[in-house]
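Where a number appears in this text, it was derived from the coordinates with a stated rule and is not lab data. Note that this is a predicted model, so its numbers are computed, not measured. Please note: Cβ atoms are built from the backbone with ideal geometry, for glycine as well, and neighbour counts cover all protein chains shown.
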Amino acid sequence: MSQVGAAIVAGVGPVRGLGAALAICFAEKGLHVFIAGRSGDKLKEVAQHIEQRGGSVTPVVADITVDEDMRRLFEVVRSRGDPIDIAVYNVDSNFPAPFLETDTKTFAVLWRQNCLGAFLFAKQTIGIMQAQQHGTLFFTGATASLRASPPFTAFASAKAALRALAQGLAREFSPQGIHVVHTIIDGVIDGDRARSQFPQYVKAKGEAGLLQPDAIAQTYWAIHQQPPSAWTHELDLRPYKEPF
């Protein structure tokens, strides 16, 4: 049974994205990394990137909003036997939906991906970390976690629910040694998703107006290393040019 220490990153997409940047960062710090996402091809590419850098990784294709997929992911995690030092719920889904044009399916999909999946992930993760009496559990939030702006009202309701979930978990499980962190990403991440979906916005912002995935990953690692006497529960990250 290995005792190297491991990290789980749920919501890994392209190599140029936050999920991949987190996985690469944790692997470079010596942790075995479990990466989960819905695209086997993207997971394979990220895994190859990590291995080429000398890291250790296990990709698991899973829809994090499906209970059976979540259980299967954690069966893989438990089978290796590493203590779980870090777990990140980085699943995110967002698309414009004016309120009167938002149907029940759209609202439910956004809630499932941004909140329900986090609930399922947290139950599995905290069960492991509770037995260990240590571990850091991250939830990646957004500007919408704090305020709702049309046409993203449905998205904001889901992100606000995620924030409430993180708060409740922090209050319940921090005394048991589990560091629960909610990050507010206030701005656009410079990744494949942004560059493909709204290239003109990315161009207008310029590199200095976008959040770099590697920089966010460095902050997650720094928060993980905090001593228990001075834990951060919530923090916001934005480019220095971003107004707020």
Non-local amide H neighbours of PHE34 (under 5 Å, H modeled in plane, Pro and chain starts lacking H): which ones?
-> ALA7, ILE8, VAL9, THR58
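What's the local net charge at GLU242, with K and R +1, D and E -1, over the other residues with C-beta under 9 Å away?
For residues surrounding GLU242, the net value is +2.
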With a ≥ b ≥ c taken as the square roots of the eigenvalues of the C-alpha gyration tensor of the chain, please select rounded if a/c is under 1.5 and otherwise prolate if a/b is larger than b/c or oblate if it is not?
-> rounded
Unit charges at the beta carbon, dipole of the chain: most positive-side option, THR58, VAL33, ALA122 | ALA122
Rounded to the nearest 10 degrees, what's the angle between the helix 213-224 long axis and the longest principal axis of the chain, both from Cα atoms, 0 to 90?
-> 50
Checked segment 1-69 with the C-alpha gyration tensor, a ≥ b ≥ c its square-rooted eigenvalues, rounded below a/c of 1.5, otherwise prolate if a/b is larger than b/c and oblate if not; verdict oblate
Enter the per residue convex hull volume of segment 102-244, computed from alpha-carbon coordinates, in Å³ rounded to the nearest integer.
-> 125
Starting at the first residue of segment 116-121, write each ³J(HN,Hα) from the Karplus equation 6.51 cos²θ - 1.76 cosθ + 1.60 with θ = phi - 60°, in whole Hz, x for Gly and Pro.
-> 4, x, 5, 4, 5, 5
Using θ = phi - 60° and the Karplus relation 6.51 cos²θ - 1.76 cosθ + 1.60, list the HN-Hα couplings for segment 54-68 in order, rounded to whole Hz, with x at every Gly or Pro.
-> x, x, 10, 8, 10, x, 9, 6, 7, 8, 5, 8, 9, 4, 5
So, with +1 on the Cβ of K and R and -1 on the Cβ of D and E, and no other charges, what is the size of the charge dipole of the chain about its Cα centre, to the nearest 20 debye?
-> 140
Candidate aspartates and glutamates for bridging to LYS29, where Cα separation is under 17 Å - those fewer than 8 sequence places away on the same chain excluded | GLU51, ASP82, ASP85, ASP214
With respect to the cross-link table entries LYS105/LYS203; LYS44/LYS241; LYS159/LYS205; LYS44/LYS159; LYS105/LYS241; LYS42/LYS203, which display a Cα-Cα separation exceeding 27 Å?
-> LYS105/LYS203; LYS44/LYS241; LYS44/LYS159; LYS105/LYS241
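Using Stokes-Einstein with the Kirkwood hydrodynamic radius over Cα pairs, what translational diffusion coefficient do you get for segment 1-125 at 20 °C and a viscosity of 1.002 mPa s, in µm²/s rounded to a whole number? Can you show the working numbers first?
On the way: Rh = 14.9 Å.
After rounding, the answer is 144 µm²/s.
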Taking only DSSP H segments of four or more residues, each worth -39500 (n - 2.57), what value at 222 nm results for the chain once the sum is divided by all its residues, to the nearest 500 deg cm²/dmol?
-> -13500 deg cm²/dmol
Which log10 I(q)/I(0) values, to two decimals, does segment 139-205 give at q = 0.14, 0.17, 0.29 Å⁻¹ under the Debye formula with one point per Cα?
-> -0.54, -0.71, -1.15
Taking 7 Å along the Cα-to-C-beta vector as the label spot, tell me the ALA230-LEU100 distance in nanometres, rounded to one decimal.
-> 5.3
Starting from one equal scatterer on each C-alpha and no solvent at all, send me the Debye-based log10 I(q)/I(0) for segment 82-122 at q = 0.21 Å⁻¹, two decimals.
-> -0.70
Segment 145-221 - charge dipole about Cα centre, Lys and Arg +1 at Cβ, Asp and Glu -1, debye rounded to 20 = 260
Which angle between 0 and 90 degrees, to the nearest 10, do you get for helix 18-28 versus the longest principal axis of the chain when only C-alpha atoms count?
-> 30
